[in-house]
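Working notes, structure below.
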Amino acid sequence: MLFAYDLHHWLTFLTAAVLLNIAPGPDMGFILAHTVRGGRASGFAAMAGVWTGAMGHVLFAAVGLSAIIVASATAYSVVKYAGAAYLLWLGIQALRSKGGLSLNSCSVGTTSLRRVFAQGVFIDLLNPKAAIFFLAFLPQFVEPGAGSVSSQLLLHGVLIIVVAAFVEPPLVLMGGSLTNRLRDNQRFCTWLDRSLGGFFTYLGLRLAFSER
């Protein structure tokens, strides 16, 4: 029967999904950094971008493309260094800024929201370790007789993102409330851009020198 799982299966999976989503990591850091820098709108744009990139990895895993990246050293290296280069480029841009990345005293316009969203998508998609994670994590919940492997991978991958939709928005709302007044300070805007630049640079270097 399609997706016929018992209670133990769902409790195990949902517990793991919640723990994965609340654990500090690059995605959460990216979302919170943009929330502090640009407010709730920027945080939600970053969050939507990360979710979109994660959905890409779920689809890749479901159709087997992630397995090719994991199996091929060349494909893995190409994706890894492309992702590292993109992160370093973003970091250098932010480090060179004098608060200029923060439009209207750190408030974010429509164009910037699109840019933040795109950054979230590419940062997640260009992380081969995310592909490895989904390939290592999702198959643990594939059960015989519950449907095709690809459909079960897709279901559980989508549910991880659904769980994120309950965990991450409250963090964005709290972060936006804490920094609303501070974003009117130009010196604070400049400091935020420097911090964001340092964060991107750190992620880029860590990805570039990471091992499979």
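Every read-out reported here was derived from the displayed coordinates using simple, explicitly stated rules and does not represent laboratory data. Bear in mind that the values here come from a model prediction, so they are computed numbers and not experimental data. In this analysis, Cβ positions are derived from the backbone assuming ideal geometry, glycine residues included, and neighbour counts consider all displayed protein chains.
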Notebook entry, point to check: On full extension of the chain, what length is gained from E143 through E211, given 0.36 nm per residue of separation minus the C-alpha to C-alpha distance?
Noted result: 21.4 nm
Checklist line | Overall Cα dimensions of the range 1-100 - principal axes, largest extent first, Å | finding: 58, 37, 19
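Rank by packing, highest mean first: peptides 59-65, 164-170, with packing defined as the count of other Cβ atoms within 10 Å averaged across residues.
Numbers: 59-65: 17.9, 164-170: 15.1.
Packing proxy ranking, top to bottom: 59-65, 164-170.
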Item checked: Note, ³J(HN,Hα) from phi for the range 54-61, Karplus 6.51, -1.76, 1.60, rounded to Hz, x at Gly and Pro -> 5, 5, x, 5, 4, 5, 4, 5
